[in-house]
Amino acid sequence: MKSICDTTDIFVHDDLIASHARWKMKLVLSIELQEHLDVDAIRLDDCCMLGKWLHRTDILSDIGHFESYKNCLSTHAKFHAEASWLAKIINEDKYHEAMELLDDEKSNYNQLSNELVLAIKQMENDITNLEKSMYSVN
């Protein structure tokens with residue numbers, strides 16, 4: 001029997017959460033260096049570590065029915081849309097406005113970032129519970 005861990009072992013680390021925390025650092029750095037960003041590439045939700053993992057066929061077949069997976073997938077897409085919107089503001093040389101949004105804990109970007117972390121943790125919890133139920137001895 002194939003273990004769900006064969007497709008979900010990425011959750012044993014906080015790599016996914018850390019990779020999304022780095023988005024903020026990338027945006028801040030682009031403001032500080034006044035560099036333009038690829039808005040279209042940032043909008044794509046299947047190119048980063050989490051996105052590649054979420055869109056894998058084996059992941060979809062194993063956990064695609066979980067509400068936590070659906071929530072994570074949706075929140076992740078919204079996060080990328082918001083990050084691309086911020087990148088657009090940066091590209092328009094509105095550095096002060098972009099930095100204020102990144103600093104504001106109530107901004108859409110930070111709210112979605114927090115929601116995404118929670119969604120990843122809930123999905124991880126659901127996967128752990130599934131693993132336990134698959135291998136529990138009755």
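The values are calculated or read from the model by the stated rules, or taken from the named source; none is laboratory data. Because the structure is predicted, anything quoted here is derived from the model rather than measured. Because the Cβ atoms are built from the backbone with ideal geometry, glycine has one as well, and the counts that use them run over all protein chains shown.
Taken residue by residue, the range 51-59 has at least one member that is without any contact (Cβ under 8 Å) to a residue 24 or more places away in the chain and crowded, with 18+ Cβ neighbours inside 10 Å.
The single residue among Y109, Y135, Y95 that is surrounded by fewer than 16 Cβ atoms within 10 Å (Cβ to Cβ), aromatic (F, W, Y) and under 19 Å from I42 (Cβ atoms) turns out to be Y95. Listed by first and then second residue, the pairs with beta-carbon distance under 7 Å, at least 6 apart or on different chains, first residue in the range 83-99 and β-branched (V, I, T), second modelled with pLDDT of 95 or more, are I89/E97; I89/A98; I90/L27; I90/S30; I90/I31; I90/L37; I90/A98.
For L86, the conditions (1) of a type outside the set (S, T, Y); (2) surrounded by fewer than 16 Cβ atoms within 10 Å (Cβ to Cβ); (3) more than 14 Å from the chain's Cα centre (by Cα) all hold with the exception of (2). Pairing each residue of the range 18-37 that is under 12 Å from L102 (Cβ atoms) with any residue that is acidic (D, E) and not in a helix (DSSP H, G or I), provided the two are 6+ apart or on different chains, yields C-beta distances under 9 Å for L29/E35. Scanning the range 106-138 for residues that are of a type in the set (D, E, K, R), modelled with pLDDT under 95 and over 20 Å from L50 (Cα atoms) yields E131, K132.
Residues in the range 63-94 that are in contact with an Asp or Glu (Cβ under 9 Å, 6 or more places away or on another chain) and of a type in the set (A, V, I, L, M, F, W, C): I63, F66, L73, A77, F79, A81, A87, I89, I90. Among the residues of the range 121-128, are any among the aliphatic types (A, V, I, L, M) and outside any helix (DSSP H, G or I)? No.
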